[in-house]
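Enquirer: What follows is a single structure, and I will ask about it in a moment.
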Amino acid sequence: MIVLDNEQLAQMHAHGERDYPYECCGLMLGRFADARKQVVETYAISNAREEEAKRNRFLIRPEELMRGEKYARDQGLDVVGFYHSHPDDVAVPSQYDLEHAWPTYSYIVMSVEKGRAVDLRSWEMAADRSRFIEEIINRAV
Ligand SMILES: [Zn+2]
């Protein structure tokens, strides 16, 4: 389970709409607590791929990830997951996403249809790494 508040959801929606028709991506910073992740803040990262590839896949440059991890540490937080958008596509991770994912983290995928964020779902990798399993999003107030 991942716990998010309305402000964090609104920030991810806004990022996905701003970067449309390209994919946006970012980190979710917070804490691991028992079987759930408590998100404290979102950390936007620009899409690092070249223009022609931008539409289909997301990639976070190692230096961007390191900067995000350092920022999280400075705040006393952990990176608990990643988010990215699928422009004009469903909020379900692709095979590419699966091949570039790690266990434990949450992966939020947002569907942005014609510039509007219309769906947002969270996923975790199965223990055998063969697929993603949908994760419950608990909306804190
Ligand atoms: Zn994807």
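The values are calculated or read from the model by the stated rules, or taken from the named source; none is laboratory data. No experiment lies behind these values; they were computed from the predicted model shown. We place every Cβ from the backbone using ideal geometry, glycine too, and count neighbours over all the protein chains shown.
Enquirer: Does Ala101 qualify as being among the small types (Gly, Ala, Ser) and closer than 17 Å to Lys37 by Cβ?
Expert: Answer is yes for this residue.
Enquirer: Filter the range 28-38 down to the residues that are at pLDDT 85 or above, out of contact with any Ser or Thr (no Cβ under 7 Å at 6 or more places or on another chain) and either surrounded by 14 or more Cβ atoms within 10 Å (Cβ to Cβ) or among the aliphatic types (A, V, I, L, M) (or both) and list them by number.
Expert: Leu29, Gly30, Arg31, Ala33, Arg36, Gln38
Enquirer: Please go through the range 39-77 and pick out each residue that is at pLDDT 95 or above and touching an Asp or Glu at 6+ places or on another chain (Cβ under 7 Å).
Expert: The one that is at pLDDT 95 or above and touching an Asp or Glu at 6+ places or on another chain (Cβ under 7 Å): Ala72.
Enquirer: If you don't mind, there's one more thing I want to ask. Return yes when Val80 is under 12 Å from Gly30 (Cβ atoms) and more than 10 Å from the ligand (Cβ to nearest atom) and no when it is not.
Expert: It is true that Val80 is under 12 Å from Gly30 (Cβ atoms) and more than 10 Å from the ligand (Cβ to nearest atom).
Enquirer: So, in the range 100-118, exactly how many residues are within 13 Å of the ligand (Cβ to nearest atom) and more than 26 Å from Arg31 (Cβ to Cβ)?
Expert: Total satisfying the criteria: 2.
Enquirer: Take residues that are surrounded by 13 or more Cβ atoms within 10 Å (Cβ to Cβ) and hydroxyl-bearing (Ser, Thr, Tyr) and tell me which of the strands (runs of 3 or more DSSP E) falling wholly in the range 91-141 contain 1 or more.
Expert: 106-113, 116-125
Enquirer: Scan Asp89, Asp97 and give me the residue that is near the ligand (Cβ under 10 Å from one of its atoms), free of Cβ contacts under 8 Å to residues at least 24 places away in the same chain and not basic (Lys, Arg).
Expert: The match here is Asp89.
Enquirer: Is it the case, given these coordinates, that Ser130 is within 14 Å of the chain's Cα centre (by Cα), modelled with pLDDT of 95 or more and farther than 19 Å from Asp19 by Cβ?
Expert: In short, no.
Enquirer: I would also like to ask the following. So is Met12 part of a helix (DSSP H, G or I), under 11 Å from the mean Cα position of the chain (by Cα) and not hydroxyl-bearing (Ser, Thr, Tyr) or not?
Expert: yes
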